[in-house]
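Just below is one structure, and these are the notes that go with it.
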Amino acid sequence: MSALTGCGGHDSAPARTAGPTETAQAPSPGKNPTDQPSPLSMPAARKPVLHVRGDYTYKVQILNAKTMVDVPDNPPPAGTKALALLVRVEAEPRNRSVHAPYADLGIEYPSLKADKDQHIGDVIDDATAYMTEDQMLYGGDGVDGIDPVFGTLQANTVYYHWIWQLVSEKADLTGASLCQVQLSGHNCIPIGAVKAGS
């Protein structure tokens, strides 16, 4: 099974502790072979920001969104696929450590209520470990990261990880949102463009 990278340029499945598998690129035809390869970088964060409130406060931004039918541990059952989001997570205020489990979040989309069954719910189903930008870009498959359920995110540090939720294969994801769950009122941000993956 291949790893879903932090750069958002591949359509392979996410792995719990995976980082990118490529750290250097061959020069393109016509380039001077002594030129240095372009440095890797994370995709730009989409706006707006989701401010999560509760025992721990933090903010979440979406960098990438895609659907896939191959995820680690529990592959999507027949008739479903995973909607996976690469997110940026940071304590708010930055100078505090926080416990920021992915279970605080859920994806909403227009046909969700009609699609709900024993496999499809309204909360994030799983996630990879939290990693720093360097770990995501250069760490490779051996980076452990911080556990997405029981880990503590350190103060003054930005983390990235993939989260995903099962949706119907036929779901119309136009207008899908990432939301804080178990909150009175509505605290959501639009996901934006969703790429069809593998």
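The values are calculated or read from the model by the stated rules, or taken from the named source; none is laboratory data. The structure displayed is predicted, hence computed values, not measured ones. With ideal geometry, Cβ positions are generated from the backbone for all residues, glycine too; neighbour counts draw on all protein chains shown. For accessibility, only protein heavy atoms count, side chains too; no ligands or nucleic acids. Shrake-Rupley method; radii C 1.70, N 1.55, O 1.52, S 1.80 Å.
Structure notes:
- The residues of the range 95-184 present an accessible area of 48 Å² per residue when probed at 1.4 Å with all protein chains retained.
- Order by protection proxy (mean Cβ within 10 Å, highest first), peptides 147-153, 130-136: 130-136, 147-153
- For the range 72-164: span of alpha carbons on each principal axis (Å, largest first): 42, 30, 20
- Note on Asp141 and Lys195: with the Förster distance fixed at 22 Å, the Cβ-Cβ geometry gives a FRET efficiency of about 0.45.
- Normalised by the number of residues in the range 121-197, the average gap of Cα pairs under 8 Å and 6 or more apart makes the relative contact order 31 percent.
- Sequence ranges 140-146, 78-84, ranked by mean other-Cβ count within 10 angstrom, highest first: 78-84, 140-146
- Spatially proximal lysines relative to Lys66 (Cα-Cα < 29 Å; intrachain offsets below 8 disregarded): Lys47, Lys81, Lys113, Lys116, Lys170, Lys195
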